[in-house]
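Here's the structure we're looking at; comments come further down.
The values are calculated or read from the model by the stated rules, or taken from the named source; none is laboratory data. Computed from a predicted structure; not experimentally measured. Methodologically, a virtual Cβ is constructed for each residue, glycine included, from the backbone with ideal geometry; neighbour enumeration extends over all protein chains shown. Just so you know, the surface numbers come from the protein's heavy atoms only, side chains and all, with ligands and any DNA or RNA stripped out. Shrake-Rupley method; radii C 1.70, N 1.55, O 1.52, S 1.80 Å.
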Amino acid sequence: MVKLNRTAEAVCPSNLPKKSLQANVAGPTQVLHTPLASFSYQHLKPTPYFGYQVLRPTSDGSQFDRPVLMATLEKALLDYCYLNPHLATIDDFAAMRLNATLLRERVDPARLNTYLTLFNHQKLSGRIGVLRHYINDYA
C-alpha cells in the first residue's frame with residue numbers, strides 16, 4: 001500500500017497549481033516526471049509509519065482502485081518538515097505560502113504533539129516549533 005501525503009491540498013493557496021504529489025514509501029526514493037505532474041516517492045524509516053487514515057475505494061469506482069493510506073494533516077506536516085531540514089525560520093515557512101489561518105483551524109495540537117513525540121527527533125521538534133510560531137503569527 002502507498003502512503004500518501006496531501007499537505008499541499010489542505011493548506012496551500014487554491015490559486016497555486018497542484019502539479020506534484022509526494023508519497024512516502026518503504027522502497028527507494030525516486031521522482032517520476034509525467035506530462036500530467038511530477039511524483040516524488042520519498043523513503044522513510046519504518047519508525048515514522050503511523051498517523052494514516054485508510055481510504056477505501058468508492059462503490060462507483062470514481063476514487064481509488066484499492067485501499068490507500070492517507071496521512072492526517074498533522075502527520076503530513078511532520079513528514080514534510082522531517083524530509084525538508086532546510087526549513088529553519090519563519091521566513092522559510094512564509095515562503096511556502098501555507099495558509100496559516102486554515103492550519104490554525106485544522107491542526108489538532110494534541111495530535112501534533114503526540115506524533116512529534118513518536119518521531120523522537122530533536123531537530124524536527126525545533127522545526128515544528130518554528131512552524132507553530134508561523135501558524136500563530138500569520139493566522
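Restricting attention to segment 125-139, and to residues there that are modelled with pLDDT of 95 or more and surrounded by fewer than 19 Cβ atoms within 10 Å (Cβ to Cβ), which single residue is farthest from PHE50 (Cα to Cα)? Among those residues, the one meeting the criterion is HIS133. So, ASN15, is that one polar (S, T, N, Q), closer than 20 Å to VAL130 by Cβ and at pLDDT below 70 or not? It is false that ASN15 is polar (S, T, N, Q), closer than 20 Å to VAL130 by Cβ and at pLDDT below 70. Applying the condition of being more than 12 Å from the chain's Cα centre (by Cα), outside any loop (DSSP other than H, G, I, E, B) and surrounded by 12 or more Cβ atoms within 10 Å (Cβ to Cβ) to segment 43-69 and asking which residue is modelled with the lowest pLDDT yields HIS43.
Scanning segment 70-86 for any residue that is at pLDDT below 75 and open to solvent by less than 80 Å² (accessible area, probe 1.4 Å) turns up nothing.
Out of all the residues in segment 83-90, is one or more touching a residue at least 12 places away in the same chain (Cβ under 8 Å), assigned to a helix (DSSP H, G or I) and out of contact with any helix residue (DSSP H, G or I) (no Cβ under 6 Å at 6 or more places or on another chain)? Yes: segment 83-90 contains one or more residues that are touching a residue at least 12 places away in the same chain (Cβ under 8 Å), assigned to a helix (DSSP H, G or I) and out of contact with any helix residue (DSSP H, G or I) (no Cβ under 6 Å at 6 or more places or on another chain).
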